[in-house]
Amino acid sequence: MSESRASFFNILVIEDEPGEARLMRLALQKSGFPLEVHHASDDREALCFLRREGAPFDGVPRPDLILLDLKMTGQSGLELLATLKLDERLRAIPVVVVTASGLEADVRAAYQRGAAGYLAKSADFNEFIAAVCKLGQYWFGRVRLPENPA
Amino acid sequence: MTTERHRFVILLAEDEPADAHLVQVALSENHILADLQHVADGRDALEYLRREGPRFADAPRPDLILLDLNMPRMDGRQFLAAIKLEQNFKDIPVVVLTTSEVERDIVSSYHLGAAGYITKPVDVVQFIAAIRDLGEYWFELVRLPDNQKARP
């Protein structure tokens, strides 16, 4: 990583199950990378966060990475992914799908809409932690992310 | 990933033969079972995907594309823009592998749909480590579309 980027990464977790969101936060914290984890529980909240619409989202940081659950209430995760990738100001943020669905159709649909990875969630917590660590190693330990694209 | 899976196919678009060789070495050093297909520029990469011409008539569909940015004829940016407009190929993840550290290149690559941007380490040991991380993410961690079930 270059020296000039902020000392930590911002992640937006889009997940409607509070328990799953807590598990993800915990796994990300255990990964050891310097992260700030933000959470949106549905597509509307996610878009408000990303577009900084409404008082609660005034001045929120632009995430370096988005982790997106596919099965949500409201707009489905796939629709939200398509919306993000059609938005000129948001499309450069990589979106990794993290989901319980292992359906081949979902995998292909996610990549077709611009996903930068598709992680099928393990039910085993230790395996889940290990997977999130590997995810962190790629996105925060290896690849270059835009420093200040906003 | 299931062990029953076919070998992964990587399409590498890279005009520098030494760098292409280094990718091959790094794959084998990391015991990544992948079939590396190498083309020298973006135009050949597009012809490869479209199976144009006798050279590419039987070209296997890649699971992942590694893309250099600065190449003659058609550069990586033009290739990335072109492939993401093609319904048949837009689901193939493209990771940029380049010497460019220019912020504009990083932003525009993600903007065009790159699924990662790796700056080539000059040090060989570091280069091998970069390919290890790449392999662990794409071939062990995440699911990729199953090309056995894709178009012929």
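Just so it is clear, none of the values below were taken in a lab; they were calculated from the coordinates. Every value quoted in this text rests on a predicted model; they were computed, and no experiment measured them. Backbone-built Cβ (ideal geometry, glycine too); neighbour counts: all protein chains shown.
Annotations for the structure displayed:
- Selected residue (criterion: surrounded by the fewest Cβ atoms within 10 Å (Cβ to Cβ)) from residues of region A:95-113 that are over 15 Å from the mean Cα position of the chain (by Cα) and in a helix (DSSP H, G or I): A:ALA105
- Verdict on A:VAL60 being β-branched (Val, Ile, Thr) and in contact (Cβ under 8 Å) with a residue 60 or more places away in the chain: no
- Selection within region B:44-59 - under 14 Å from the mean Cα position of the chain (by Cα) and either in contact (Cβ under 8 Å) with a residue 60 or more places away in the chain or more than 23 Å from B:VAL142 (Cα to Cα) (or both): B:ASP44, B:ALA45, B:LEU46, B:TYR48
- Residue check for B:ALA130: among the small types (Gly, Ala, Ser), part of a helix (DSSP H, G or I) and either touching a Cys at 6+ places or on another chain (Cβ under 8 Å) or facing another protein chain (nearest Cβ under 7 Å) (or both): yes
- For region B:109-123, the set of residues classified as within 13 Å of the chain's Cα centre (by Cα) and part of a strand (DSSP E or B) consists of B:TYR117, B:ILE118, listed by residue number.
- Unique residue being within 13 Å of chain B (Cβ to nearest Cβ) and surrounded by fewer than 21 Cβ atoms within 10 Å (Cβ to Cβ) when the list is A:ALA116, A:ALA92, A:ALA55, A:ALA82: A:ALA82
- Considering A:LEU70, A:LEU23, the condition of being touching a residue at least 60 places away in the same chain (Cβ under 8 Å) and either touching a helix residue (DSSP H, G or I) at 6+ places or on another chain (Cβ under 7 Å) or of a type outside the set (Ser, Thr, Tyr) (or both) is satisfied by A:LEU23 alone.
- Of all the residues in region A:8-26, those that are touching a Leu at 6+ places or on another chain (Cβ under 9 Å) and among the aliphatic types (A, V, I, L, M) number 5.
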